[in-house]
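Participant: Quick one: the structure is below, and I'll ask about it shortly.
None of the figures in this text is laboratory data; all of them are computed from the coordinates on show. What you are looking at is a predicted structure, and each value in this text was computed from that prediction instead of being measured. Cβ placement follows ideal geometry from the backbone for every residue including glycine, while neighbour counts extend to all protein chains displayed.
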């Protein structure tokens, strides 16, 4: 096992950081690592907005659900799906690209490109001894987030990433078993086997929470998911996405 794989496998979400900003050199290295990620057909349909301003961090923390680590970190990155520059390409080249840019396919391309870039950034940061945490809470109120970031049409903030020097080493959450995630040749559809694997995973998760909380929590993964998904969230998203010029066709 090499050092890169060890870094990936040691990933934990870090939510408490030392009060020390990243240097401009560190930020550039992380962003250049993000840019090195694969991109569909060289479209590069994403942008990254770095936030240093404490007032903006504070506002984004509030919009993300009052998560203190969105405000207190070494640096904050916001990853956006971005087809705005391709509108500019259309103007420069004298072509009407509207149908393509508003398609579900290009919407998916922009989401995938942004996610690939973000994971490269995460691995780069962690390889430098920094910690990270993805922040999906920005999607609680994208209209207000867009105002803070002044994003134009065809730019969609997707999630943030906090980066900084960890104050504490957090626990690693057990992931789904390998056999549950990896299917060979075709999708495994034996529901009895699936339920058996999920029950085994529930036992692992219960043990994790019991040990972490001194017996206070006894959650299962299926119980968490059933509870979470029984309350539909961010149901404004389709309308907002279309308003920003994505996924119309």
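Participant: For a footprinting-style exposure proxy, rank 63, 77, 167 by other Cβ within 10 Å, fewest first. Could you put the intermediate results ahead of the total?
Facilitator: On the way: 63 21, 77 25, 167 14.
Ranked by crowding around the Cβ, least crowded first: 167, 63, 77.
Participant: Could I ask something else about it? Among 133, 171, 80, which one shows the biggest mean-square fluctuation in a GNM of the chain, springs joining Cα atoms closer than 10 Å?
Facilitator: 171
Participant: If each of residue 12 and residue 93 carries a label point 7 Å out from its Cα toward its Cβ, how far apart are those two points in nm?
Facilitator: My value for the distance between the label points is 4.7 nm.
Participant: A further question follows. Compute a Gaussian network model of the chain, connecting alpha carbons closer than 10 Å, and tell me which residue from 204, 43, 30 fluctuates the most.
Facilitator: Highest fluctuation among the options: 204.
Participant: Next up: What percent antiparallel are the DSSP beta bridges of the chain, to the nearest 5?
Facilitator: Details: 20 of 21 bridges.
Roughly 95 percent of the beta bridges in the chain run antiparallel, per DSSP.
Participant: For the residues 9, 22, 176, what sequence is obtained by ranking on other C-beta atoms within 10 Å, fewest first? Display every interim value, and only then the final one.
Facilitator: Working: 9 9, 22 22, 176 14.
So the ranking, lowest neighbour count to highest, is 9, 176, 22.
Participant: Moving to a separate point now. Arranged by the count of other C-beta atoms within 10 angstrom, fewest first, what order do 92, 237 take?
Facilitator: Exposure proxy ranking, most exposed first: 92, 237.
Participant: What residue among 152, 177, 166 shows peak mean-square fluctuation when the chain is described by a Gaussian network model with Cα springs under 10 Å?
Facilitator: 177
Participant: Please report the relative contact order for segment 3-171, taking Cα pairs under 8 Å with a sequence separation of at least 6, and give it as a percent rounded to a whole number.
Facilitator: Numbers: 285 pairs, mean separation 64.1, N = 169.
Contact order relative to length: 38 percent.
Participant: Under the rule of -39500 (n - 2.57) per DSSP H run of 4 or more residues, summed and divided by the residues of the chain, what mean residue ellipticity at 222 nm is obtained, to the nearest 500 deg cm²/dmol?
Facilitator: Working: 12 runs with 122 residues, N = 249.
Rounded to the nearest 500, the figure is -14500 deg cm²/dmol.
Participant: Then there is this: Going by a ≥ b ≥ c, the root eigenvalues of the Cα gyration tensor, does segment 1-159 fall in the rounded group (a/c under 1.5), the prolate group (a/b larger than b/c) or the oblate group?
Facilitator: Numbers: a/c = 2.13, a/b = 1.37, b/c = 1.55.
Since a/c reaches 1.5 but b/c is at least a/b, the shape of segment 1-159 is classed as oblate.
Participant: How many angstrom lie between the Cα centre of segment 78-97 and the Cα centre of segment 14-68?
Facilitator: 22 Å
Participant: While we're on this one: I need the shape label for segment 178-218. Rule: rounded when a/c is under 1.5, else prolate if a/b > b/c, else oblate, with a, b, c from the alpha carbon gyration tensor. Spell out each step's value before the answer.
Facilitator: On the way: a/c = 6.02, a/b = 2.84, b/c = 2.12.
Taking the square roots of the gyration eigenvalues as a ≥ b ≥ c, segment 178-218 is prolate.
Participant: Which FRET efficiency, nearest 0.05, do residue 225 and residue 195 yield, Cβ-Cβ r, R0 22 Å? Intermediate values should be presented prior to the final figure.
Facilitator: Numbers: r = 14 Å, r/R0 = 0.62.
Efficiency at R0 = 22 Å is approximately 0.95.
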